[in-house]
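The values are calculated or read from the model by the stated rules, or taken from the named source; none is laboratory data. Given the structure is predicted, the values throughout are model-derived calculations rather than measurements. Because the Cβ atoms are built from the backbone with ideal geometry, glycine has one as well, and the counts that use them run over all protein chains shown. The accessibility values were calculated without ligands, DNA or RNA, using every heavy atom of the protein model including side chains. Shrake-Rupley method; radii C 1.70, N 1.55, O 1.52, S 1.80 Å.
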Amino acid sequence: MTTWYFTIRLPTYPDRSSVTPLVSLQLPETEAIVFEQWQIPNWVQRFNVSHLFDWTWHKNGDFKRCRASIVRSSQSSARKAASAIVVNDVIDYFHSHPNEGCIVDNVARLPNLIPHPLPRARSLTDTCSSLHIDHKWAICSKSQSELDKWLPATKRFVTIAVFNAFIDIGHCHSEVPGTVFTDRATFHFQRWTNKICSNDTISNIPQIKNEYRHIELIDSIGNYLQAPGHFAPQQLPRLLRLLATVPTTAKVLVAKGGVADLLIDVLVERGIVTRDRIVQFDKDIRPNHFANIVYRSDSWPYLRDKDNSHYIHDRTDMQLVHRVMATDELAVTDKKDCIILIKRRDGDARSIIEHLDLIAVMSSALNKSKISSDLRIEIFEARGHIRDHIALFRRARIIVGPHGAGMMNILWSSSGTHVVEIGYTTGMTFPEMYAEMSLHLEHHYWICKGHGDYSAPIHVDMDDFMYIFNQIMHEIEIEEARS
């Protein structure tokens, strides 16, 4: 008899705890089909994120069952799945259909801070109204006591293993691939598009070329694929959850191109994944992939109300990404000596017309301040590799920028950083995403008035900006005096 013991960190109760005692798990005896012995990846412990997982299938023994007892299928021909159903409640489904897959991890999200933090502004009510978000943003329209159940509205993160499954290439929305489906079921355990077809079955079973067949495959692809403002805050957390809980024998399907490629470079450099496991999903070719076990992770439960479906930019995900990608043994010695001004290319959508005026205001305030630290202004234009962006934003004391992908880099900045996002007034509604991300990272998040269209250069309300920046400098002066 062979017995495996694993020492891992687990919370003391399902709703999470900051205290994570050491416990031991005893897994069942191995069988004839032997896979590699599982252990928590070194990076999980090195970056102190073990408390963000439940390690469900290792505790209940399904790790062995799910990987050793499935019926291998070749899935050789295209056909129609006549009786497939839609599965929203994956926990209940795999409890009643254990021959079709299992739950890999089922963990409660981190609780939000109490009271839930709000954006800061010269006048939050006036700013929300000016930017036409007073009825659009939960953090503009709801009380702090209500926000915890809204941001997000989900309660858990669930990772599944599905036997003999396919990965959707965008049947409902070309920018939202990644749904897992089989002959029997389509697994929509979170909604990623508001189209009518968002909760339909996928009944067309594709023929799979040999190069796209796998034994085990992590499915991390999702909305907007490699788009810089979406990959890091939306797909990267899913990828990290999967890499933490799924065996290293699984190949890893990720979006190809742009920031996705650069962040994979960082994951490889930080020892989180090896290059040989990566399978790139090319959005131009869009090949169909099949695996004997497909792994997928999402927030849960499924949210049906499209107007109140806040299920991304969760505090758990933001903390996971920040700790894994932007902390190490040198983090405590990082100097926070940068005031970063994000500059979009002149003439581009939401580029700041008063860019030079912003620099002048910041330089003047810096020269007049009593701040003793060696703060300097850095203009960020997204040049170079993202590893350099991470290094820069780790040093940020203040970040200023218009809404856009450059703001994604707040993920790398530590708690206490001041973040000023400049809004606009027409076109697509000014999104709440960077406010949510920043507040969940425990930044001081400010909204500054701007005016103009989403798809054109915009103006900054300079009076509003001067008030905000001077207030930030005053608060930093007070912090330094206290220290």
- Query: Out of curiosity, is D105 in contact with a Lys or Arg (Cβ under 9 Å, 6 or more places away or on another chain) and outside any helix (DSSP H, G or I)?
  - Reply: yes
- Task: Within region 50-62, track down each residue that is in contact with a Leu (Cβ under 7 Å, 6 or more places away or on another chain) and assigned to a helix (DSSP H, G or I).
- Result: L52, H58, K59
- Residues of region 404-416 being part of a loop (DSSP other than H, G, I, E, B) and either free of Cβ contacts under 8 Å to residues at least 12 places away in the same chain or surrounded by fewer than 24 Cβ atoms within 10 Å (Cβ to Cβ) (or both), in sequence order, are G404, S414, S415, G416
- Message: I need every pair where a residue in region 268-279 that is among the hydrophobic types (A, V, I, L, M, F, W, C) has its Cβ under 6 Å from the Cβ of a residue that is open to solvent by 30 Å² or more (accessible area, probe 1.4 Å), sequence separation at least 6 or different chains.
- Response: V268/R275; V279/K251
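Rundown of residues vs (1) hydroxyl-bearing (S, T, Y); (2) out of contact with any strand residue (DSSP E or B) (no Cβ under 9 Å at 6 or more places or on another chain), yes/no style:
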site	(1), (2)
S143	yes, yes
V158	no, no
C172	no, yes
N204	no, no
- What tally of residues in region 199-221 results from selecting those that are within 25 Å of R304 (Cα to Cα) and open to solvent by less than 20 Å² (accessible area, probe 1.4 Å)? 4
- Query: In region 258-285, what count of residues is obtained for those that are touching a strand residue (DSSP E or B) at 6+ places or on another chain (Cβ under 8 Å), open to solvent by less than 50 Å² (accessible area, probe 1.4 Å) and not in a helix (DSSP H, G or I)?
  - Reply: 4
- Message: Tell me whether region 177-187 contains one or more residues that are modelled with pLDDT of 90 or more and closer than 22 Å to R315 by Cα.
- Response: no
